[in-house]
1. Say whether the condition of being in contact (Cβ under 8 Å) with a residue 40 or more places away in the chain, part of a loop (DSSP other than H, G, I, E, B) and buried (at least 24 other Cβ atoms within 10 Å of the Cβ) is met by at least one residue in the range 66-77.
2. Looking only at the range 103-136, count every residue that is assigned to a loop (DSSP other than H, G, I, E, B) and either surrounded by 15 or more Cβ atoms within 10 Å (Cβ to Cβ) or touching a Ser or Thr at 6+ places or on another chain (Cβ under 9 Å) (or both) and tell me the total.
3. Which numbered condition in (1) assigned to a helix (DSSP H, G or I); (2) touching a Leu at 6+ places or on another chain (Cβ under 7 Å) is the only one that residue 504 fails?
4. Please specify each residue of the range 365-386 satisfying the condition of being under 28 Å from residue 215 (Cα atoms), among the aliphatic types (A, V, I, L, M) and either crowded, with 21+ Cβ neighbours inside 10 Å or modelled with pLDDT of 95 or more (or both).
5. Can you pull out the residues in the range 254-290 that are closer than 24 Å to residue 87 by Cβ and modelled with pLDDT of 90 or more?
6. Kindly provide the set of residues from the range 137-178 that are of a type in the set (A, V, I, L, M, F, W, C), within 15 Å of residue 3 (Cα to Cα) and in a helix (DSSP H, G or I), ordered by number.
7. Looking at the range 271-303, which of its residues are more than 17 Å from residue 218 (Cα to Cα), surrounded by fewer than 20 Cβ atoms within 10 Å (Cβ to Cβ) and not aliphatic (A, V, I, L, M)?
8. For residue 414, indicate whether it is surrounded by fewer than 20 Cβ atoms within 10 Å (Cβ to Cβ) and modelled with pLDDT under 90.
Amino acid sequence: MSLLAHLQQQGLRQIVLCPGSRSAPLALAAGGLARQGELTLVTAIDERSAAFHALGLAQASGRATAVITTSGTAVANLLPAAVEADRSCIPLLLLTADRPTRLKDCGANQTVNQEQFLAPVCRAFLSSPGEGLHHENDVQLQSLASSLWQRALGSAGPVHLNLPFEEPLHPNEAEQQAFWSAWQPLPAAGGGHHPAEPRSTPWDGPVPDWSRPGVVVAGPWRGLEADRPAYQRALQELVLTTGWPVLLDPLAAAPQDLPGVIRHWDLMLPAGLPTPERSLQVLRLGPLPASRRLEAWLRALGPGQWLISEGDCRSLDPLGLASQCSLGLSSWWQGVSGQQVCSEERPSALLKAWCALDAAVERALAQQLPQVGPVSEPALMRCLPQLLPPATPVMLAASSPVRDWQAFAASDTGQRRCFSFRGASGIDGTLSLAVGLARELGPLVLLTGDLALLHDSNGWLLAAASAPPLLVLLIDNGGGGIFGQLPIPAGSAAEFDHLFAMPQAVDPLALARAHAVPSRQLACLEDLPHALEWGLDQRRPVLLRVCTDRIADAALRQTLRREVEQVLRCDQGSTKEH
């Protein structure tokens with residue numbers, strides 16, 4: 001009990017609890033604190049789903065969330081979410097019950113080497129005494145809780161606390177009633193994350209030559225929620241001061257009114273963004289967006305690029321072209337903005353030229369993707385930003401949805417909060433993550449493919465139990481549509497489906513109904529406005545299903561890129577003539 005109370009004192013507000021016997025002391029303590037109104041307790045029968053749900057809660061709140069499991073294979077099921085938390089820098093507390101040392105390495109039931117399961121991806125591994133947690137006094141438990149909390153937030157990511165318990169595992173009912181009758185809440189310790197203070201001394205490392213043209217490439221946000229406002233202020237000031245154009249990832253934490261945004265950069269690359277005669281300077285913020293075209297373009301620009309991460313000291317430069325500063329954009333900009341920073345005519349001319357090309361691409365897409373007729377995935381992505389309420393956040397499943405949103409919903413870039421868990425680019429936990437986001441943020445739309453949704457179908461249990469306002473828009477293309485966009489040789493369509501696309505004979509509407517989740521099927525784009533309105537009005541989990549042709553859509557994407565290339569060639573030729 002004392003351990004969780006001290007974690008609650010540090011700032012813990014939410015726990016996701018999985019069933020188990022060895023973890024009974026933690027379960028009883030969590031239940032008691034929840035009854036006292038000290039924290040929110042969510043229960044989940046699937047440890048993998050539970051961990052991803054906690055990850056969604058932590059991402060949305062910016063505050064570490066705890067997951068409690070029993071011993072054995074339950075701990076191994078936490079690994080996929082721990083990998084994502086590590087790569088995406090999301091604070092996550094993994095509390096695992098264990099057998100005492102006397103039962104290790106002697107064939108005892110449900111006793112495994114779980115201390116090592118999560119070690120490669122965790123910021124820290126901590127453990128209570130092998131003889132049992134009851135050997136720790138209150139001062140030691142307070143120190144353990146403080147250390148765990150600070151390590152999860154100091155360099156944001158997952159931490160693993162392994163807790164051996166000796167029998168008896170729990171007090172009787174009378175002892176529990178007596179304890180809670182006398183219990184008094186602990187005063188807050190102020191352990192919550194506060195916005196980082198920018199460096200007060202000037203940055204003395206290398207900086208761009210502000211007299212030359214440059215571009216900002218803003219990748220996915222990898223900071224804590226409390227630090228986002230300072231990041232946005234620094235980015236806004238940087239762009240206004242330099243006049244540099246900005247290539248935004250949909251997951252970047254950009255302010256809504258950021259100037260100089262080139263929205264259709266993914267379709268314009270690699271040849272559609274003309275560069276000056278002198279090499280273009282590149283300032284990269286965070287990890288690279290998931291675009292091979294962008295990587296090829298940056299590689300062609302050569303070394304001498306700058307990369308600013310939000311406290312992550314690990315290398316984020318797979319191209320090997322940048323010098324990295326890990327202080328965060330706010331601190332870096334405060335250090336360099338006092339230097340000679342000016343906006344000259346050439347960067348302004350570059351921005352104007354790129355914006356004109358960006359507008360030409362927008363006109364071409366409007367002509368090629370009308371908002372009527374059968375549903376194609378590019379047309380769907382182009383329609384959605386115009387139909388969803390402006391303040392409604394969107395979660396984009398890894399694989400095709402996040403890529404299509406980047407390419408074809410580009411007019412919405414920077415206008416609404418987008419989430420996608422691209423740290424390791426897996427489809428694990430898609431629905432459970434979205435349920436966690438919706439519980440914390442309110443109404444949210446999840447865009448997912450059929451395999452990603454089916455892969456995490458246990459997430460429907462969490463959705464049905466907590467009933468957050470989540471609209472799941474299922475793009476059902478009969479398998480893994482992303483593989484049709486890759487140059488994978490296969491002898492026949494049947495062989496391709498068998499080895500890669502792997503379509504499944506499952507009715508997603510029936511699966512939703514089995515979890516008491518209402519659902520509707522859309523037949524054409526004209527159905528979309530009313531269906532979205534209905535879904536958002538439910539204020540609970542709902543499923544909208546659209547069926548698409550993954551083979552035809554793969555061809556359509558290629559056709560659209562060729563059309564954009566032609567438009568850009570014509571537009572650039574017209575500009576040169578003038």
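The values are calculated or read from the model by the stated rules, or taken from the named source; none is laboratory data. Being a predicted model, the structure only gives us computed values, none of them experimental. Here the Cβ positions follow ideal geometry from the backbone for every residue, glycine too, while neighbour counts run over all protein chains shown. Keep in mind that these areas ignore ligands, DNA and RNA; they rest on the heavy atoms of the full protein, side chains included. Shrake-Rupley method; radii C 1.70, N 1.55, O 1.52, S 1.80 Å.
1. So the first thing to find is which residues in the range 66-77 are in contact (Cβ under 8 Å) with a residue 40 or more places away in the chain, and the list is 66-72, 74-76.
Within this subset, residues satisfying the condition of being part of a loop (DSSP other than H, G, I, E, B) are 70-72.
Restricting the remaining residues to those that are buried (at least 24 other Cβ atoms within 10 Å of the Cβ) gives 71.
Among the residues of the range 66-77, at least one is in contact (Cβ under 8 Å) with a residue 40 or more places away in the chain, part of a loop (DSSP other than H, G, I, E, B) and buried (at least 24 other Cβ atoms within 10 Å of the Cβ), which makes the answer yes.
2. Going through the range 103-136, the residues assigned to a loop (DSSP other than H, G, I, E, B) turn out to be 104-113, 117-118, 122-123, 128-132, 136.
This time we only want the ones that are either surrounded by 15 or more Cβ atoms within 10 Å (Cβ to Cβ) or touching a Ser or Thr at 6+ places or on another chain (Cβ under 9 Å) (or both), so: 104-105, 110-112, 117-118, 122-123, 128-132, 136.
The number of residues fulfilling the criteria is 15.
3. (1)
4. 365, 381, listed by residue number.
5. Within the range 254-290, the subset closer than 24 Å to residue 87 by Cβ is 254, 265-266, 282-290.
Passing the criteria: 254, 265, 266, 282, 283, 284, 285, 286, 287, 288, 289.
6. 139, 141, 144, 145, 148, 149
7. Filtering the range 271-303 for residues more than 17 Å from residue 218 (Cα to Cα) gives 271-272, 274-279, 300, 302-303.
Right, trim to surrounded by fewer than 20 Cβ atoms within 10 Å (Cβ to Cβ) and you get 271, 274-279, 300, 302-303.
Listed by number, the residues that qualify are 274, 275, 276, 277, 278, 279, 302, 303.
8. Values: surrounded by fewer than 20 Cβ atoms within 10 Å (Cβ to Cβ): no; modelled with pLDDT under 90: yes.
No.
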